[in-house]
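Notes follow the structure.
The numbers here are math on the coordinates, done by the rules we state, and not lab data. Everything quoted here is computed from the prediction, not taken from an experiment. Backbone-built Cβ (ideal geometry, glycine too); neighbour counts: all protein chains shown.
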Amino acid sequence: MKDYFQLIRYKNLIFIIAVQWIMHHCIVLPILTTFGIGDYALNTNLLWLIIFATVFIAAGGYAINDYFDTKIDLLNRPNRQIVGRTITKRTASWIHHITTAIGVLLGLFVSWKLKSLSLCFIFLMTPGLLWFYSASYKRMPFLGNFIISLCTALAPILIALANGEVLQTNYSPELLMQTPILPTIYTWILGFSGFAFILSMIRETIKDMEDEYGDKENECRTLPVVFGISKTKWILYSYIVLFIALLIWSYVSFVQDFALFKTIDEFYSLRFIICGLIVPILLLTYFIWKAKTPTEFHSCSICTKIIMIIGLAYSFLFYFLIAKANGLALFGIFFVNPQ
């Protein structure tokens with residue numbers, strides 16, 4: 001049973017659940033509550049259906065990835081290989097088919113309930129992208145990493161779209177668009193999605209360097225195979241510079257003057273960005289520069305995942321600042337005394 005959980009990457013699935021739950025409860029709901037329409041947010045049942053749909057599709061993607069990677073995994077991580085050793089390829093294929101089908105059906109049901117073509121498109125498109133990623137795109141430079149990073153970024157976007165559809169069924173779309181409600185939700189959710197995208201690009205590139213030997217032997221054309229480790233590191237450095245630049249731009253142009261924080265922020269966000277994100281990403285840069293072996297690149301990959309978790313934790317600070325500024329009860333339990 002343990003191998004089956006490893007096959008579908010249960011730890012990553014738990015992270016997906018956390019991301020979507022947190023985006024709804026710590027970003028979307030506080031914004032709607034501040035505007036006085038918290039009762040019109042996505043209901044709990046539909047929220048969990050979206051989460052389960054996402055998780056089942058992701059589980060299928062992980063299973064089919066290992067199905068296609070048996071030869072590569074035999075070279076890169078023989079002691080950790082699952083498909084072809086403890087789980088047959090046929091079984092992995094069936095797990096992919098079943099979990100993907102469940103995820104798509106749940107997603108289509110939610111799309112129908114919310115009358116959303118956007119959600120329907122995403123739930124139909126994502127399984128296809130994951131299949132072609134595993135079958136061929138992951139063996140191409142840039143394209144494979146772009147696709148998996150895009151799928152990562154879609155997880156929080158689904159929550160924003162679903163809540164947007166609910167609001168537009170309760171209010172006149174024309175009237176709603178004259179308010180800052182939807183732009184505020186989409187801006188913050190897209191901010192988290194954008195940074196998730198860049199960090200995923202960084203992590204996937206690091207994983208390509210970790211797996212260079214097996215990829216080269218199986219004629220994959222990943223960045224390290226095509227350009228070499230040294231040049232791939234410079235590509236990573238450019239991603240990191242972009243990440244830091246976007247963090248600074250986001251703070252200066254939006255976060256520091258965010259109306260719902262009023263005057264409560266007091267540079268909390270800036271301190272979080274510097275200490276929680278910029279310093280760790282600079283440390284990661286140093287680790288990448290020093291890394292030479294697959295084990296060292298694997299450690300860099302873990303560091304990137306930790307930075308992702310820290311970035312997600314900003315949503316709790318966001319909730320705290322909005323609650324303190326507007327007298328909201330955190331998770332409906334206790335109030336934070338306003339300044």
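With +1 on each Lys and Arg Cβ and -1 on each Asp and Glu Cβ, how big is the dipole of the chain about its Cα centre, in debye rounded to the nearest 20?
Working: 25 positive and 19 negative charges, 144 e Å.
That gives the chain a dipole magnitude of about 700 debye.
Among 159, 248, the order by Cβ neighbours within 10 angstrom, fewest to most, reads 248, 159.
Under the simplified labelling scheme, the residue 249-residue 263 pair shows an inter-label distance of 3.1 nm, with each label point 7 Å from Cα along Cα→Cβ. Spatial offset of the stretch 1-70 relative to the stretch 99-168 amounts to 12 Å, using the alpha carbon center of each.
Distance from the C-alpha centroid of the stretch 291-311 to that of the stretch 186-255: 12 Å, rounded to the whole angstrom.
Whole-percent P(r), the stretch 227-339, all Cα pairs, 5 Å bins from 0: 2, 11, 17, 19, 15, 11, 9, 7, 5, 3, 1, 0. Taking the Cβ-Cβ separation of residue 75 and residue 143 as r and a Förster radius of 35 Å, what is the calculated FRET efficiency to the nearest 0.05? Efficiency, rounded to the nearest 0.05: 0.95.
Given a cut-off of 26 Å, name the pairs among 89/207; 71/138; 138/305; 2/292; 2/71 whose C-alpha atoms lie farther apart than that in the structure shown. Before the final figure, lay out the partial values.
Working: 89/207 23 Å; 71/138 14 Å; 138/305 20 Å; 2/292 31 Å; 2/71 22 Å.
Beyond 26 Å between Cα atoms: 2/292.
How big is Rg to Rh over the stretch 1-134, alpha-carbon atoms, Rh as the Kirkwood inverse-mean-distance radius? For the stretch 1-134, the value is 1.07. Note on residue 331 and residue 94: the extension gain reaches 81.3 nm, defined as 0.36 nm multiplied by sequence separation minus the Cα-Cα distance.
Which helices of the chain meet both criteria: a Cα extent of 30 Å or more along the helical axis and a mean Kyte-Doolittle score no lower than -1.0, with helices taken as whole DSSP H segments? Walk me through the intermediate numbers first.
Working: long enough: 44-68 (36 Å, 1.32); 89-114 (37 Å, 0.71); 143-170 (40 Å, 1.26); 181-210 (43 Å, 0.84); 229-250 (31 Å, 1.42); 294-326 (49 Å, 1.08).
Passing helices, by number: 44-68, 89-114, 143-170, 181-210, 229-250, 294-326.
With the simple spin-label model, which puts each label point 7 Å out from Cα in the Cβ direction, the residue 302 to residue 39 separation comes to 5.0 nm.
Given in Å, the Rg to one decimal and the Dmax to the nearest whole number for the Cα atoms of the stretch 156-294 are 19.9, 59. A convex hull fitted around the alpha carbon atoms of the chain yields 133 Å³ per residue. Counting other Cβ atoms within 10 Å as a rough exposure proxy, the listed residues 262, 292 run 292, 262 from fewest neighbours to most. In terms of other Cβ atoms within 10 Å, 206, 14, 37, 273 run from fewest to most in the order 14, 37, 273, 206. Measuring nothing but how far apart in sequence close Cα pairs (under 8 Å, 6+ apart) lie, relative to its length, the chain scores a relative contact order of 20 percent. Between 72, 92, 37, the Cα set farthest toward the positive side of the dipole of the stretch 35-93 (charges on each charged residue's Cβ, about the Cα centre) is that of 72.
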